[in-house]
Amino acid sequence: MYKLKIFSYLPNPRVWKAIIAGKICGVEVEVIGDKPANLGSWLWDFNPNILDENERSLEHKYARKGKRGFSGVLYKTDSFLKAHPFGTVPAAFSPDGDTGIFESNSILRAVARIGKKFNLYGKDEYEASRIDSFLDANLVFAREAQVYMLDYENVSKEGYERMTAAYEFYLSGIESALNENPYISGKDLSIADISFVCDFAQFLREGHYEEILNKRGFELIAINFNDEYPKTFTHLFSLVKREEFSSVLGSYLDWYKDKLNI
Ligand SMILES: N[C@@H](CCC(=O)N[C@@H](CS)C(=O)NCC(=O)O)C(=O)O
């Protein structure tokens with residue numbers, strides 16, 4: 001029996017956080033979803049399902065306007081919105097459906113709290129709180145990255161500079177942390193590392209939009225990632241080699257490894 005159910009578009013690096021943690025600390029995570037473009041045909045609910053074509057219309061009682069990342073109509077039940085007041089995916093639920101857990105870093109925390117096989121969340125309250133500090137810093141970066149990645153075609157100079165500043169701030173903090181310790185939050189692997197890997201792997205995909213960015217007069221923000229943040233670079237690529245990560249990420253970073261010949 002699963003310990004956490006997640007509804008989302010798939011594949012989604014934010015969902016990978018919970019899946020990787022689940023593999024490491026022995027928590028069964030049930031994932032339900034569909035391609036991003038198909039999620040507008042689904043009823044977003046604890047028991048999500050695909051709506052018949054004739055049911056999908058603005059008149060549907062659960063029709064809502066997408067708020068972030070989705071431009072069209074979405075069908076979110078009242079109980080979904082009660083459990084998930086921000087109405088976002090990934091949307092996780094306790095097995096009885098009573099508790100909604102949102103924000104991928106918090107879904108990740110839930111898995112680490114439930115899992116007993118391996119401790120990914122620090123040995124005491126202080127270590128756990130330090131891990132939270134990295135997760136918070138990660139979310140600030142990830143939110144800027146989300147805005148940047150949703151609209152490469154129209155990114156403004158101001159938007160590009162904001163993203164550059166967020167990138168430099170986050171990565172210089174991670175690099176400093178890794179100068180002191182083998183893992184982001186200390187001597188052991190934690191959910192801070194998992195969160196970093198998933199969000200940063202997604203950010204690197206700006207490389208697929210290099211031409212578009214160049215045309216707008218911008219270069220890739222992560223163009224010198226390996227030279228400027230060598231510890232962070234090595235950490236990322238040594239983690240993604242581990243079975244728990246590679247079995248989830250699959251070939252996601254292969255294009256980048258090919259580009260750098262690593
Ligand atoms: N910071 C959140 C981001 C979640 C988020 O913004 N999800 C968007 C899709 S990328 C969403 O569900 N949007 C619903 C809507 O547009 O109504 C996380 O890590 O879970």
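Every number here is computed from the coordinates shown, using simple stated rules; none is lab data. Model, not experiment: these values are computed from the prediction. Glycine also receives a Cβ, built like all others from the backbone with ideal geometry; neighbour counts cover every protein chain displayed.
Odds and ends about this structure:
- When each of LYS187/LYS231; LYS35/LYS257; LYS3/LYS65 is checked by Cα-Cα distance, pairs over 23 Å: LYS35/LYS257; LYS3/LYS65
- Built amide H within the under 5 Å cut-off of LYS76, gap 5+: TRP44, ARG64
- Fully extending the segment from SER133 to LYS116 would add 3.9 nm, taking 0.36 nm per residue of separation and subtracting the current Cα-Cα distance.
- Taking only the Cα atoms of the chain, the ratio Rg/Rh comes out at 0.97, with Rh defined as the Kirkwood radius.
- Peptides 189-199, 148-158, 92-102 ranked from most to least packed by the mean count of surrounding Cβ atoms within 10 Å: 189-199, 92-102, 148-158.
- Listed residues HIS60, GLY72, ILE107: farthest to the positive end of the dipole of the stretch 58-167 (Cβ charges): HIS60
- Translational D in µm²/s for the stretch 125-260 (Stokes-Einstein at 37 °C, 0.692 mPa s, Kirkwood Rh from C-alpha pairs): 212 µm²/s
- Size descriptor, Kirkwood hydrodynamic radius, that averages inverse alpha-carbon separations across the stretch 4-114, Å: 14.1 Å
- Cα-centre dipole for the chain with unit charges at Cβ (Lys and Arg positive, Asp and Glu negative), debye to 20: 420 debye
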